[in-house]
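One structure is given below, encoded as C-alpha cells.
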Amino acid sequence: MLNPDRFISDLHSLRQFGASGIGNGVVRPAYSEADIAARRWLANQMADAGLRVEVDPMGNLFGLSEGPSLLLGSHSDSQPEGGWLDGALGVVAALEIARASRAAGGPPISVVSFQDEEGRFGVTTGSAVWSGNLTQSAADALTDHQGIPLRDARNAIAEMVTGTVDPSHFSGFLEMHIEQGPTLDTKNERIGVVTEIVGIRDVKVTFKGEQNHAGTTPMHLRRDAFQAVSAFNTLLNDRLRNVVTPTTVWTIGHINLHPNASSIVPGQASFSMQWRDGDADRLNRMEKIIRETAAEIAEKNAMELSFGPLLGLEPVEMDPKLQASLVEAAEAVVPGHWRKMPSGALHDATNVARLMPVGMVFVPSINGISHAFEEDTSEADLVAGLQVLARAAGVHPVGSSPVG
Ligand code: GLV
Ligand code: MN
Ligand code: MN
C-alpha cells in the first residue's frame, strides 16, 4: 500500500541536502556537493526498494525494476535558489509508488532523477543527453555562469557512474510536478493534467564596449556596456509587442557586468536572453527580432556583439492515452477539482517524449510561487498528487476514495 506518511517524510529527508534560506528553501545545483549527496541518498532508497541502481555518464540516476516497466520520476537538482518540491516531488513520489507496488506484487515501476534539469549548463541537460536531443560532446562544451565546462563539472559524479541506460527498458514516462504558477491555487483546484509543454529558446548575449574611468570619461565618449543592455531591453520590449500573446514570456535573468565596480564604466556585459511560447513559429520570429534589436543597439552604442550557442526545446504534446489515464485517476481521487492545462515551465518530459509516450500531472503551488525559497504545496495536495500518479500508473489498490 502507498504510505503517504513515508512519502512526506522522504520529501523532508531529501530537503536536508542543500537546505537553505527561509521556509523549505533548497540550494542544490547540479553536481554540487549537496546534489551528489542527495543522489547517494536516493540511490540507497532505490536499492532498499529492490530497484537496481544505475547512473549514466551525465549523472542521471535510475532505479530499475526487473523487466520492462513504466518510468516515473523527475529531477533532484535545484535552481541556485530553489524550493523543496521542484523536481524532488516527482522523484520521491516515484520512489514511493515503486516501493509500494513491489511490496504489493503490483506492476514493475522504475524511477529516475534526471541531472541538471534546472539548466546550470543548458536546458534540461541530463534528459536532453539521455534522449539524444543533445550529444554528450555538445553538452560537455557548455559552460555555467562561472565559465566551468560541464565536461569538468561532471567529474564530481564519476564515482557513481555505472554506464548508459537503455531507454527500451521503459514503456512510458509519467512525471508529477508542482504547477509553479497560479492557476490551480487561484481556482481552488487540486490536480492539473498537462496537455502540452511550451517551447523555449535561451542564448547568451555579449556586448563589448570599452572599460574606462567613471569620473573622467565624458558621456559622449563612453562605450558603456550596461547602457547598451538597458537600451536593448527597452527597445526589445517595444519590438516584441506585435508578435507575442498574453502567454508568451521572455526574461533577462542573469547578467555579468565587467568589471562590476562603481567607478568603472563597464566594458563588457554578458546576459542570458530566454523566451518561451507554445508555438515554435513564434519562437523563431522572436529570435529574429532579438538578434536584429541587439545588432541595432550594438551599432548605435559602438559595441562588439556576440551570441553564445542557441539552446532550446520544442513545444510538445502529452500522450493522449496517458492523459486519459491521468484524467480518470484525477476524477477518482479529487472529483470535480482538477483541470487540463498546458505547462509554462519546462520539464524533462519534453526530452523523454522523443523516446516514449509521456504524461504529466501537476499539484498546486501556494500563491503560484516557485524558483524561490518560499515555494510550497499543502500536504493534502501532495498526497492527492501521489494517489493520482499511482492510479494512472496502474498501481492498485491506492485508496480510490476521494481525498480530503
Ligand atoms: C525549469 O525549471 C524551467 O525553467 O521551467
Ligand atoms: Mn522542475
Ligand atoms: Mn525548476
Open item on the list: Which residue is farthest from ligand 1 (Cβ to nearest atom), if the candidates are limited to the range 104-130 and must be surrounded by 24 or more Cβ atoms within 10 Å (Cβ to Cβ) and at positive phi?
Closed with: D116
- [ ] Mind telling me which of the residues G122, G132 ends up being closer than 27 Å to P149 by Cα and modelled with pLDDT under 95?
- [x] G122
Open item on the list: Show the residue pairs meeting these rules: Cβ distance below 7 Å; 6+ apart or different chains; first residue within the range 70-82 and small (G, A, S); second residue more than 15 Å from ligand 3 (Cβ to nearest atom) and assigned to a strand (DSSP E or B).
Closed with: G73/V111; G73/V112
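Given the criteria modelled with pLDDT of 95 or more, of a type outside the set (A, V, I, L, M, F, W, C) and either buried (at least 19 other Cβ atoms within 10 Å of the Cβ) or under 16 Å from T251 (Cβ atoms) (or both), does R285 qualify?
Details: modelled with pLDDT of 95 or more: yes; of a type outside the set (A, V, I, L, M, F, W, C): yes; either buried (at least 19 other Cβ atoms within 10 Å of the Cβ) or under 16 Å from T251 (Cβ atoms) (or both): no.
So R285 fails the test.
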Open item on the list: Restricting to the range 291-322, name every residue that is assigned to a loop (DSSP other than H, G, I, E, B) and more than 29 Å from K208 (Cβ to Cβ).
Closed with: E314, P315, M318, D319
TODO: Among the residues of the range 113-143, count how many are in contact with a helix residue (DSSP H, G or I) (Cβ under 8 Å, 6 or more places away or on another chain), assigned to a loop (DSSP other than H, G, I, E, B) and more than 16 Å from ligand 3 (Cβ to nearest atom).
DONE: 6
Task: Residue count for the range 328-345, restricted to those that are in contact (Cβ under 8 Å) with a residue 40 or more places away in the chain, in a helix (DSSP H, G or I) and either within 16 Å of ligand 2 (Cβ to nearest atom) or more than 24 Å from the chain's Cα centre (by Cα) (or both) - done: 4
TODO: Please indicate, with yes or no, whether at least one residue in the range 161-183 is among the polar types (S, T, N, Q), in contact with a His (Cβ under 9 Å, 6 or more places away or on another chain) and away from ligand 3 (no atom under 16 Å from the Cβ).
DONE: no
Open item on the list: Looking at the range 383-397, can you tell me whether even one residue there is within 16 Å of ligand 2 (Cβ to nearest atom) and surrounded by fewer than 23 Cβ atoms within 10 Å (Cβ to Cβ)?
Closed with: no
- [ ] Would you mind listing the strands (runs of 3 or more DSSP E) fully within the range 205-290 where at least 3 residues are under 28 Å from the mean Cα position of the chain (by Cα) and under 26 Å from P342 (Cα atoms)?
- [x] 249-251, 268-277
Open item on the list: Can you report the number of residues in the range 370-395 which are within 16 Å of ligand 3 (Cβ to nearest atom) and in contact with a helix residue (DSSP H, G or I) (Cβ under 9 Å, 6 or more places away or on another chain)?
Closed with: 4
- [ ] Give just the number: which of (1) without any contact (Cβ under 8 Å) to a residue 40 or more places away in the chain; (2) under 21 Å from the mean Cα position of the chain (by Cα) does R39 not satisfy?
- [x] (1)
Open item on the list: Given (1) surrounded by fewer than 22 Cβ atoms within 10 Å (Cβ to Cβ); (2) modelled with pLDDT of 95 or more, identify the lone condition not met by F173.
Closed with: (1)
TODO: Test F62 against the stated conditions and say whether it is within 16 Å of ligand 2 (Cβ to nearest atom) and in contact with a Ser or Thr (Cβ under 7 Å, 6 or more places away or on another chain).
DONE: no
- [ ] Check S110 against each of (1) assigned to a strand (DSSP E or B); (2) touching a Lys or Arg at 6+ places or on another chain (Cβ under 6 Å) and name the one condition it does not meet.
- [x] (2)
Open item on the list: Based on this model, can you work out whether S325 counts as in contact (Cβ under 8 Å) with a residue 24 or more places away in the chain, on the phi < 0 side of the Ramachandran plot, in a loop (DSSP other than H, G, I, E, B) and not acidic (D, E)?
Closed with: no
Task: Per-region count, the range 346-373, residues more than 16 Å from ligand 1 (Cβ to nearest atom), surrounded by fewer than 24 Cβ atoms within 10 Å (Cβ to Cβ) and either in a loop (DSSP other than H, G, I, E, B) or without any contact (Cβ under 8 Å) to a residue 12 or more places away in the chain (or both) - done: 4
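Consider the range 67-103. How many of its residues are part of a loop (DSSP other than H, G, I, E, B), surrounded by fewer than 24 Cβ atoms within 10 Å (Cβ to Cβ) and modelled with pLDDT of 95 or more?
Residues flagged as part of a loop (DSSP other than H, G, I, E, B), surrounded by fewer than 24 Cβ atoms within 10 Å (Cβ to Cβ) and modelled with pLDDT of 95 or more within the range 67-103 amount to 4.
When residues of the range 335-345 are filtered for being surrounded by 22 or more Cβ atoms within 10 Å (Cβ to Cβ) and away from ligand 3 (no atom under 16 Å from the Cβ), how many remain?
Step one: list which residues in the range 335-345 are surrounded by 22 or more Cβ atoms within 10 Å (Cβ to Cβ), which gives 338, 343.
From the residues that got through so far, the ones that are away from ligand 3 (no atom under 16 Å from the Cβ) too are 338.
The qualifying residues number 1.
The values are calculated or read from the model by the stated rules, or taken from the named source; none is laboratory data. All of these numbers come straight from a predicted model, not from anything done at the bench. So basically every Cβ, Gly included, is an ideal-geometry build from the backbone, and we count neighbours across all protein chains shown.
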